[in-house]
Amino acid sequence: MFSKSFTAALFALSVAGSVSATCTRSYTVKAGDICDSISAANNVSTYQLATVNFGHIDPECSNLLIGDNICLGHEGQDCTSTYVVKLDDTCEQISAITGVNTTTLYLNNPQINAGCTNIYVGEVLCTASSLQAPPPPVGADIPAATIPATATPAPPSTKPTPAPAPAAPAPAAPAPQDNNDEDDDDLPFCDEL
């Protein structure tokens, strides 16, 4: 899913004429695909996939159709070195792991905010050592946040939920003791049994 401001920024890009760029790689959508899974499997950043398919893929990435052909990269602007964000990653850690300086990381992923607080698990980032991602839209603001693409939630389970086990009965209270020996005269003693 892409944020609304991300979509608005990409609209400016399409108006600027980048849409007519030559597509050098493409992908045919399969059942179960989401934008981030396509990006991860094909070494294309989340930003690049959104940019080169602006107007074709909606901001929520909910209109992917099985068999649909989408572009992965444009000639001269196709970053194929990528990194999939993991839990607790920071831009500095990603930079160290991939060997790309943070300036280049930010230039190839202009959707990342200055504090690197809007990356999310599963987002695919361009980690090329030189500027390879499509340029940001001219005269438009790059969004400060990206909303993660998510798969359709699994349907609720059709298995019946077992009923909770009945609570164990409370132990019976002991019978009150009668310390009055006067009315026990008619009872036998233990040794008389």
| request: Quick one: which residues, 5+ away or cross-chain, put their amide H under 5 Å from the amide H of residue 25? H built at 1.01 Å from N. | output: 72, 73
| request: Once you have the Cα-Cα distance between residue 113 and residue 101, take 0.36 nm times their residue separation minus that, and quote the gain in nm to one decimal. | output: 2.7 nm
| query | Under a no-solvent Debye model with one identical scatterer per Cα of segment 4-126, what's log10 I(q)/I(0) at q = 0.18 Å⁻¹? | reply | -0.98
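Every number in this text was worked out from the coordinates using simple rules, so none of it is lab data. In this text the structure is predicted, and so the values were computed from the model without any measurement.
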